[in-house]
Amino acid sequence: MKSKKSIYILLPLVLFIWGTVMYQVFSFSANEEEVIVPTNEISLKPIKISKRDSVVINTNYRDPFLGKIYSTEKVKTPKKKAAPKKVEPLVWPMIQYKGIVSDTKDKVKIYMLVINNRTCLMKKGETQNEIFLKDGDRESVYVKYKGQLNLFLIE
């Protein structure tokens, strides 16, 4: 019987509190109908700019570990511009990529290259006639010759 009595007292109290909160929320949003009248008066004031004071900072501090004064003065040597080197165009040997000889599912794939009309079977990382096979797949291979990398497509 005691619990029903407390419900009869607390239920209207909770409803009253929630009602006042909702009233405050909706009454706040209803006051947006206020009209702001724009004014055409513009007043311009010039901005006063003052000169900045220059401050000199002494950076010749004593080194806490050595006990000597730290010097930041370093002699700068002018950099000399090197004359551009004349680069002769690199003449590549005649290279043709014919495809993969080994099974494509194998871990080590063997590629068939024709270098200067000689057929060479090469693996990745192998070198023949100063030509290094860097990478490849069924469609193309990356070949390095005297520091230059080139892509060759299958023929």
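Taking the stated definitions as given, is E73 part of a helix (DSSP H, G or I), open to solvent by 100 Å² or more (accessible area, probe 1.4 Å), at pLDDT below 75 and of a type in the set (D, E, K, R)? Spell out the reasoning first.
Working: part of a helix (DSSP H, G or I): no; open to solvent by 100 Å² or more (accessible area, probe 1.4 Å): yes; at pLDDT below 75: yes; of a type in the set (D, E, K, R): yes.
Taking the combined requirement at face value, the residue does not satisfy it.
Take the residues in the stretch 139-148 that are surrounded by 15 or more Cβ atoms within 10 Å (Cβ to Cβ) and of a type outside the set (V, I, T), then tell me which one is nearest to Q96 (Cα to Cα).
Narrowing the stretch 139-148 to residues surrounded by 15 or more Cβ atoms within 10 Å (Cβ to Cβ): 141-145.
Right, trim to of a type outside the set (V, I, T) and you get 142, 144-145.
Details: Y142: 12, K144: 14, Y145: 14 Å.
Checking each candidate, the answer is Y142.
Looking at V35 and the list (1) within 42 Å of the chain's Cα centre (by Cα); (2) at pLDDT below 75, which single condition is not satisfied?
(1)
Among (1) at pLDDT 90 or above; (2) open to solvent by less than 90 Å² (accessible area, probe 1.4 Å); (3) part of a loop (DSSP other than H, G, I, E, B), where does L151 come up short?
Evaluating L151 over (1) at pLDDT 90 or above; (2) open to solvent by less than 90 Å² (accessible area, probe 1.4 Å); (3) part of a loop (DSSP other than H, G, I, E, B) leaves (3) as the failure.
Looking at the stretch 78-90, is at least one residue under 30 Å from T59 (Cβ atoms) and out of contact with any Ser or Thr (no Cβ under 7 Å at 6 or more places or on another chain)?
In the first step, residues of the stretch 78-90 are kept if they are under 30 Å from T59 (Cβ atoms); the result is 78-79.
Retained after the next criterion (residues that are out of contact with any Ser or Thr (no Cβ under 7 Å at 6 or more places or on another chain)): 78-79.
The answer is yes; a qualifying residue exists.
Select from the stretch 94-133 the residues that are hydroxyl-bearing (S, T, Y), under 39 Å from the mean Cα position of the chain (by Cα) and open to solvent by 60 Å² or more (accessible area, probe 1.4 Å) and list them in ascending order. Break it down into steps so the answer makes sense when it comes.
First, pick out the residues of the stretch 94-133 that are hydroxyl-bearing (S, T, Y): 97, 102, 104, 111, 119, 127.
In the following step, the residues that additionally are under 39 Å from the mean Cα position of the chain (by Cα) were identified as 97, 104, 111, 127.
Of everything in the stretch 94-133, those that are hydroxyl-bearing (S, T, Y), under 39 Å from the mean Cα position of the chain (by Cα) and open to solvent by 60 Å² or more (accessible area, probe 1.4 Å) turn out to be T104, T127.
Of everything in the stretch 95-118, what is more than 13 Å from F132 (Cα to Cα), hydrophobic (A, V, I, L, M, F, W, C) and in contact (Cβ under 8 Å) with a residue 24 or more places away in the chain? Give them in sequence order.
Listed by number, the list holds a single entry, I100.
Which is hydrophobic (A, V, I, L, M, F, W, C), out of contact with any Asp or Glu (no Cβ under 6 Å at 6 or more places or on another chain) and outside any loop (DSSP other than H, G, I, E, B), of V108, V114, V55? Explain how you work it out, then say what you get.
Details: V108 fails: outside any loop (DSSP other than H, G, I, E, B); V55 fails: outside any loop (DSSP other than H, G, I, E, B).
None of the other options fit; the residue is V114.
The values are calculated or read from the model by the stated rules, or taken from the named source; none is laboratory data. Note that this is a predicted model, so its numbers are computed, not measured. Glycine also receives a Cβ, built like all others from the backbone with ideal geometry; neighbour counts cover every protein chain displayed. For accessibility, only protein heavy atoms count, side chains too; no ligands or nucleic acids. Shrake-Rupley method; radii C 1.70, N 1.55, O 1.52, S 1.80 Å.
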